[in-house]
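Okay, structure first, notes after.
The values are calculated or read from the model by the stated rules, or taken from the named source; none is laboratory data. In this text the structure is predicted, and so the values were computed from the model without any measurement. As a convention, Cβ positions derive from the backbone with ideal geometry for all residues, glycine included, and neighbour counts pool all protein chains shown. Accessible surface is based on the protein model in full, side chains and every heavy atom, while ligands, DNA and RNA are left aside. Shrake-Rupley method; radii C 1.70, N 1.55, O 1.52, S 1.80 Å.
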2 protein chains.
Amino acid sequence: MLSQKSRYAIRALQHLADRYGQGVVPLAEIVAAQNIPAKFLTVILSELGREGLVRSQRGRVGGYALIPAPTEVRIGDVIRLMRGSIALVPCASRDPHEHCEHCLPEAECRLRALMLRVRDETARILDAVTLADGNLALVADKP
Amino acid sequence: MLSQKSRYAIRALQHLADRYGQGVVPLAEIVAAQNIPAKFLTVILSELGREGLVRSQRGRVGGYALIPAPTEVRIGDVIRLMRGSIALVPCASRDPHEHCEHCLPEAECRLRALMLRVRDETARILDAVTLADGNLALVADKP
DNA sequence: TTAATTCCTATCGTATCGATAGGCAATAAA
DNA sequence: TTTATTGCCTATCGATACGATAGGAATTAA
C-alpha cells in the first residue's frame, strides 16, 4: 500500500503542476481543493522542498510552487522519494536494498523472482506518467 | 509492501506445493527449510486452513498439506486472501472497496486512475503464476 | 501412558502512521 | 513601524498494525 503521506504528496504536486508558471499557490488553496489536512500538508511540502521539488515563499502572499517542469517529474520518482522504493518486498528493489528478514538466499527465493517482475512492470507504468499528465488513465501504455 | 505474514504464507504454500501428494509435512520441516519462526507459522497455517487452502493432521505424525492442486492456486489469490487486495491504494481495488480518506470523489482522482492501471498489471502477473511454478521468473509473460 | 504434534486465544513490545500543537521566521500591506 | 498573514521547524500524541511469542488444550501414533 502507498502511505497516506505519499498519496497526499502526489496529489499536492499534481495541483501545483496545474498552476505551473503562475507563481506560488497558498497552502489554503491546495487544502481546499485537494481535501488534505492543512498542518500535515505543511510537513509534506517542507519535505518536498528539501528534496528540491518545491520552492516556497513566506509572508503575506506566500505559498508553494513546483520547481521542475511538470513533464520532468515522474510519478515513480515521487513514490521513490516518499517511500524509498516501488517494490512490494524489500529484496525486490532495483536500488541497493536491504535483505528481507527470515528469508532464503535471494538467488533461491522464488517469491523474490516474481516480485522483481511486478516491480519492473509497476515502474514501467509509473515512470511513463508525469505531473503533466491530466487524465492519467489515458496515457499511452507502450512497453 | 507485502506484510511479512503474506510472504511467509506464500513461501510456506510453495513448500507444501513441492510436497504435494506426499502426505502431510510437519511444521518443523517447513520452518527449517524456509527459515520462518515456528510459532508464527502455526498461526499462519491455521489461518490458511480456515480458508480451505491447507489441511492439517494432529498427533504423532502430524503436519500440513496443500488441499488444491498447486496449479489451481494463483499467487494473486493468496495475496488477496492475506492482504485483502492487490491494489496499492484502497480505492484502486477491483473488488468492493473502501473509499480513501481525505480524497476527491473517485471519478475525479487522477491518482486513482493511475493506480487502477498498476493494479491491473500487477494482477495480470500474479494471477498467471501458481504454486506449481518452480522458477517463477521464467513463467511466460503473455498479456 | 507418553511423546510428538497441531490448535486456539491472549498478549506483548515496538514501530509506524497520520495528524496536531506550539512557537519562530519572514514578508507584504496598512 | 506595526500588524496580519503565511510558511517553517521540532516535538509529540494517540491509535493501530505488525511481528512474534506464551501457555496450555486437544489429538494421535507408538
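Do we have any residue at all in region B:55-74 that's in a loop (DSSP other than H, G, I, E, B), at the interface with chain A (Cβ under 9 Å from one of its Cβ atoms) and hydrophobic (A, V, I, L, M, F, W, C)? Within region B:55-74, not a single residue is in a loop (DSSP other than H, G, I, E, B), at the interface with chain A (Cβ under 9 Å from one of its Cβ atoms) and hydrophobic (A, V, I, L, M, F, W, C). Among the conditions (1) away from DNA strand C (no atom under 16 Å from the Cβ); (2) exposed (fewer than 14 other Cβ atoms within 10 Å of the Cβ); (3) more than 13 Å from the chain's Cα centre (by Cα); (4) touching a residue at least 24 places away in the same chain (Cβ under 8 Å), B:E72 misses just one, which is (3).
Among the residues of region B:108-120, those identified as crowded, with 22+ Cβ neighbours inside 10 Å and touching a residue at least 24 places away in the same chain (Cβ under 8 Å) are B:M115, B:V118.
From the list A:V61, A:V54, which residue is surrounded by 12 or more Cβ atoms within 10 Å (Cβ to Cβ) and either among the charged types (D, E, K, R) or within 10 Å of DNA strand D (Cβ to nearest atom) (or both)? Lay out the reasoning, then the answer.
Details: A:V61 fails: surrounded by 12 or more Cβ atoms within 10 Å (Cβ to Cβ).
One residue alone meets the criteria, A:V54.
Look at region A:25-49: where a residue is over 9 Å from A:Y64 (Cβ atoms) and a partner is open to solvent by 50 Å² or more (accessible area, probe 1.4 Å) and more than 8 Å from DNA strand D (Cβ to nearest atom), sitting 6+ places away or on another chain with Cβ atoms under 7 Å, you get A:N35/B:H102; A:I36/B:H102; A:P37/B:H102; A:I44/A:K5.
To keep it simple, each residue is scored yes or no on (1) modelled with pLDDT of 95 or more; (2) among the acidic types (D, E); (3) surrounded by 21 or more Cβ atoms within 10 Å (Cβ to Cβ).
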{"residue": "B:A87", "(1), (2), (3)": "yes, no, yes"}
{"residue": "B:D95", "(1), (2), (3)": "no, yes, no"}
{"residue": "B:H102", "(1), (2), (3)": "yes, no, no"}
{"residue": "B:E106", "(1), (2), (3)": "no, yes, no"}
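Counting only residues that are within 14 Å of another protein chain (Cβ to nearest Cβ) and either at pLDDT below 95 or within 22 Å of B:L81 (Cα to Cα) (or both), region B:21-34 holds 3 of them. Got at least one residue in region B:75-98 being within 30 Å of B:G23 (Cα to Cα) and away from chain A (no Cβ under 14 Å)? Checking region B:75-98: at least one residue is within 30 Å of B:G23 (Cα to Cα) and away from chain A (no Cβ under 14 Å).
Across region B:99-122, the qualifying residues are those that are farther than 21 Å from A:R83 by Cα and not in a helix (DSSP H, G or I), and the one among them that is farthest from the other protein chains (Cβ to nearest Cβ) is B:H99.
For region A:1-34, the set of residues classified as in a loop (DSSP other than H, G, I, E, B), open to solvent by less than 60 Å² (accessible area, probe 1.4 Å) and either more than 11 Å from DNA strand D (Cβ to nearest atom) or of a type in the set (A, V, I, L, M) (or both) consists of A:L2, A:S3, A:G23, A:V24, listed by residue number. Working only within region A:35-54, note down all residues that are within 14 Å of another protein chain (Cβ to nearest Cβ) and either touching a helix residue (DSSP H, G or I) at 6+ places or on another chain (Cβ under 6 Å) or in a helix (DSSP H, G or I) (or both). Matches in region A:35-54: A:I36, A:A38, A:K39, A:F40, A:L41, A:I44.
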